[in-house]
């Protein structure tokens, strides 16, 4: 039996899931579900192809189906994707942890703490980033001041001319 990664590896199934998610978020038809014919209309696929992929999604619990007469209405079921999330999160959080550490170091450098002496290369990077940020902010402040002066000189009531 295919695992969840094999199921979502197929682009057609991912597109079906996306359409069902969109319907769920918009509350299409007031229920968030779509019929097979609605899915066929939204995709560049035939009805047999859509039905085949919906069966795979249904067999793996990624969609639920409600039958009404001869019509079938599908709804996305995101719970099985938690396995994918559990697998992906460590990769994403590793980058996040590095960014968070750099952010803490930048804040410490900005606040004047001596992070460079901690022996960490992050401290040096943070201090450099802090210096660059301060330089940019000071430059922007100078430009803003120059613009304010130029505007003030052009306003008649601010340049000593009381012609209001």
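The values are calculated or read from the model by the stated rules, or taken from the named source; none is laboratory data. What you see is a predicted model, and the numbers here were worked out from it, not measured in a lab. Using ideal geometry, Cβ is built from the backbone for each residue, glycine included, and neighbour counts are taken over all protein chains shown.
Structure above, values below:
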item	result
Residue, modelled with the lowest pLDDT, within the range 62-82, restricted to residues that are within 14 Å of residue 16 (Cβ to Cβ) and in a loop (DSSP other than H, G, I, E, B)	78
Some residue of the range 150-157 being surrounded by 13 or more Cβ atoms within 10 Å (Cβ to Cβ), at pLDDT 65 or above and out of contact with any strand residue (DSSP E or B) (no Cβ under 9 Å at 6 or more places or on another chain)	no
